1. Tally up the residues in region 77-98 that are in contact (Cβ under 8 Å) with a residue 24 or more places away in the chain and part of a strand (DSSP E or B), please.
2. Out of the residues in region 20-47 meeting the condition of being touching a strand residue (DSSP E or B) at 6+ places or on another chain (Cβ under 9 Å) and part of a helix (DSSP H, G or I), tell me which one is nearest to Trp109 (Cα to Cα).
3. When the residues of region 48-58 are narrowed to those that are assigned to a loop (DSSP other than H, G, I, E, B) and touching a Pro at 6+ places or on another chain (Cβ under 9 Å), which ends up nearest to Gly108 (Cα to Cα)?
4. Looking only at region 22-33, decide whether some residue is closer than 22 Å to Val66 by Cα and among the hydroxyl-bearing types (Ser, Thr, Tyr).
5. Evaluate the following for Leu58: is it aliphatic (A, V, I, L, M), closer than 26 Å to Ala133 by Cβ, under 8 Å from the mean Cα position of the chain (by Cα) and at pLDDT 95 or above?
6. Report whether or not Gly37 is at pLDDT below 90 and either at positive phi or buried (at least 16 other Cβ atoms within 10 Å of the Cβ) (or both).
7. Among the residues of region 63-99, count how many are more than 21 Å from Gln22 (Cα to Cα) and not polar (S, T, N, Q).
8. I'm checking my understanding of the structure. Among residues of region 61-89 that are at pLDDT below 95 and among the basic types (Lys, Arg), which one is nearest to the chain's Cα centre (by Cα)?
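The values are calculated or read from the model by the stated rules, or taken from the named source; none is laboratory data. Here the structure is a predicted model, which is why all the values come from computation and not from measurement. Methodologically, a virtual Cβ is constructed for each residue, glycine included, from the backbone with ideal geometry; neighbour enumeration extends over all protein chains shown.
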Amino acid sequence: MPLHIVKLCVGIDDVEELAAWQKRRSAQRRAAGEKHGVVHRTRMMPKRVEELLDGGSLYWVIKGVVRVRQGLKAVEQGTLDDGTSCAVLALDRQLVRTMPKPMRPFQGWRYLAAGDAPADIGEAGGDIARMPAAMVEELRSLGLL
């Protein structure tokens, strides 16, 4: 069973903004000759890398709600701009929308067991995938999803 990571997506208001930001950064990384296009750097290196790379994803919390995930391709040691060591999480380019799942604020990242991860919207029903995010959130808050 895969293990996942959940992380706050600070400064991003919706999935579309995250996609646009990652697209810009990926183009910059490719132009600089770096080997991974979409990455996220975080200070703490996960200790359970093998489990994460066995089908795990990074679940993004946007505005207090898990809304989207990206598959984990690699976890490597790296350095931040100030020279401190960090973990570099290489991610799939595809953003997979998930059923909204509220999550309280936390620092850093957390492991997320497969059984606790929200379902992909595509798995939950075809019409939901075509609804605006605000509508899905409202239906979820009313207990209708």
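1. Residues meeting the conditions: 12.
2. Ranking the qualifying residues of region 20-47, first place goes to Gln22.
3. Let us first name the residues in region 48-58 that are assigned to a loop (DSSP other than H, G, I, E, B), namely 48, 53-56.
If we keep only those that are touching a Pro at 6+ places or on another chain (Cβ under 9 Å) too, we end up with 53-56.
Numbers: Leu53: 19, Asp54: 22, Gly55: 21, Gly56: 18 Å.
Filtering first and then ranking leaves Gly56.
4. Looking for residues that are closer than 22 Å to Val66 by Cα and among the hydroxyl-bearing types (Ser, Thr, Tyr), one finds none in region 22-33, hence no.
5. Working: aliphatic (A, V, I, L, M): yes; closer than 26 Å to Ala133 by Cβ: yes; under 8 Å from the mean Cα position of the chain (by Cα): yes; at pLDDT 95 or above: yes.
So Leu58 fits the description; yes.
6. The answer is yes for Gly37.
7. First, the residues of region 63-99 that are more than 21 Å from Gln22 (Cα to Cα): 82-85, 99.
Those left that are additionally not polar (S, T, N, Q): 82-83, 99.
Summing the residues that are more than 21 Å from Gln22 (Cα to Cα) and not polar (S, T, N, Q) in region 63-99 gives 3.
8. Arg67
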